[in-house]
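See structure below.
The values are calculated or read from the model by the stated rules, or taken from the named source; none is laboratory data. This one's a predicted model, so the numbers in the text were calculated from it and none came from an experiment. Neighbour counts are summed over all protein chains in view; Cβ atoms, including those assigned to glycine, are modelled from backbone coordinates with ideal geometry. Accessible surface areas use protein heavy atoms only, side chains included; no ligands, DNA or RNA. Shrake-Rupley method; radii C 1.70, N 1.55, O 1.52, S 1.80 Å.
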Amino acid sequence: MKKYLCILMLALLSVACVEKDTDSLFTQLTLTVRPPQGIEMRRFQATMVFENINTRQRTSTSDFENGQLNIRLMKGLYRLSINEGGGLAYTDEKGDYRFSEVVISNDPLTFVADHSEATVDLILKN
């Protein structure tokens, strides 16, 4: 009987020691998009897709405000992309108002800190 009581106490103690905080698994990311040199961004509207390279989990959002996005992601290595149709309204070097679809580099980015920041360069699709 004493043996079973000891085993029960050890089981309860091990359950109590398990960390219930999952916040340490996530990062709060601030992502900024940067237009090409010589272009003044007027409006950026696109759906950004974050694909975790290890898990293949995809998260997408279009909550950009003034070219900046805040999102909570699981920490890891990500490949970013912009869904077809995402675009940039801008003023070119001559002062003309234009719109162009955009893409970004396909290089993976690592987000492992509790708060991460990244800037991606927009590439005009002509």
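Extension gain, residue 53-residue 110: 0.36 nm per intervening residue step, less the Cα-Cα distance, totals 19.5 nm.
Once the 1.4 Å probe is applied to the protein heavy atoms, the range 74-120 comes out at 60 Å² accessible per residue. Restriction of the GluC sites (Glu not before Pro) in the range 12-111 to DSSP coil positions whose beta-carbon has at most 13 other beta-carbons within 10 angstrom yields 19, 84, 93. Treating r as the C-beta distance of residue 24 and residue 45 and R0 as 35 Å, the FRET efficiency rounds to 0.55. Using Cα centres only, tell me the gap between the range 19-85 and the range 97-121 in whole Å. Rounded to whole Å, the Cα centres lie 7 Å apart.
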